Amino acid sequence: MRVLVDADACPVKDEIYRVAIRHAVAVTVVSNSGMRMPGHPLVGQVMVSDGFDAADDWIAENSGADAVVITGDILLADRCLKAGAVVLGHNGRAFTANSIGSAIAVRAIMADLRAGGDVIPGGAAAFSKADRSRFVQALDAALVAGLRRGA
């Protein structure tokens, strides 16, 4: 069992470290630049080139049934699900085979609206304490389930 983190815009890195270390699960933080990391042997970093989707490509290529992937990127979530990984968004929402199709469709519609010059009111909701708490609970549950099945 291991955790792969799409780290460049991840707001829950400290929570990931805390939960993973408690369960003795390795964490790999993948980013385009150096980051402040806890000095713990279970936490490591992979720095990729600053090429387009370099971090996503590394994560997708290294994910599998033994991985929990943390990302807010819907297309990366889809790639990792296809590789057999458990995928969690930063708010604790699990991406699943049943939910990923509609998430991709909504993403495409929003991109088309923005490309057409439409103003989209509201935008994404602010990241809240409830999101952070939900994330910690979801990651804890995913790691416990993975460790039980021997991933």
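Could you list all residues from the range 64-78 that are outside any helix (DSSP H, G or I) and surrounded by fewer than 24 Cβ atoms within 10 Å (Cβ to Cβ)?
Step one: list which residues in the range 64-78 are outside any helix (DSSP H, G or I), which gives 64-73.
Scanning the range 64-78 gives Gly64, Ala65, Asp66, Ala67, Gly72, Asp73.
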(message) Within the range 95-110, does at least one residue satisfy the condition of being crowded, with 17+ Cβ neighbours inside 10 Å, at pLDDT below 95 and either within 17 Å of Val5 (Cα to Cα) or in contact with a Pro (Cβ under 7 Å, 6 or more places away or on another chain) (or both)?
(response) yes
(request) For Asp56, indicate whether it is under 22 Å from Leu81 (Cβ atoms), touching a residue at least 12 places away in the same chain (Cβ under 8 Å), in contact with a Leu (Cβ under 7 Å, 6 or more places away or on another chain) and of a type outside the set (A, V, I, L, M). (result) yes
(request) Scan Val46, Val25, Val69, Val12 and give me the residue that is at pLDDT 95 or above and closer than 20 Å to Ala97 by Cβ. (result) Val69
(message) Out of the residues in the range 117-148 meeting the condition of being of a type outside the set (D, E, K, R) and crowded, with 17+ Cβ neighbours inside 10 Å, tell me which one is modelled with the lowest pLDDT.
(response) Gly146
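The values are calculated or read from the model by the stated rules, or taken from the named source; none is laboratory data. Fair warning: this is a prediction, and the values are worked out from it, not measured in the lab. FYI the Cβ positions are ideal-geometry reconstructions off the backbone, even for glycines, and counts take in every protein chain you see.
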